[in-house]
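Structure first, commentary second.
A short reminder: the numbers here are calculations on the coordinates, not readings from a lab. Everything quoted here is computed from the prediction, not taken from an experiment. Positions of Cβ are backbone-derived with ideal geometry, glycine not excepted, and every protein chain shown enters the neighbour counts.
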Amino acid sequence: MADSCEEQTYKDCIARFTEEHFDRLFSINLMLIRKSRRMTQAELARRIGTTRNSVVQWESALRHPDVVVIMKIALALEVSIGDLVEEGAYGAG
């Protein structure tokens, strides 16, 4: 299977992008980006107004934040929302 949606038909790309797939991509990208910024889970949590436990759950793909929180995370980490959820960004995929 191709690595990006650009190399597949739109229908095939959407079909393989499940909630589980999103959780895995988001968790890996979040952890890698946060660590590349030398930011602790506690510091990220403080910056976005949540708990360290929430960050742990997101990075473990046990839960995912809602879209407003994803926007806050992107702002805190100074990345785009796409950087947090795209396959291939920061090594996820």
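Compute the length gained on full extension between S60 and K72: take 0.36 nm times their separation in residues and subtract their Cα-Cα distance, giving the result in nm to one decimal.
2.4 nm
For E19 and R46, compute 0.36 nm times the residue count separating them, minus their Cα-Cα distance, and round to one decimal in nm.
7.1 nm
Can you check what the net charge comes to around S54, using other residues whose Cβ is under 15 Å from the Cβ of S54 (Lys, Arg +1; Asp, Glu -1)?
Cβ neighbours under 15 Å give a net charge of +2.
Remind me, relative contact order of the range 19-93 in percent, using alpha carbon pairs under 8 angstrom and six or more residues apart?
43 percent
Let me know the charge dipole size of the range 26-93 about its Cα centre in debye, to the nearest 20, where only the beta-carbon of Lys, Arg (+1) and Asp, Glu (-1) is charged.
Computed charge dipole of the range 26-93: roughly 360 debye.
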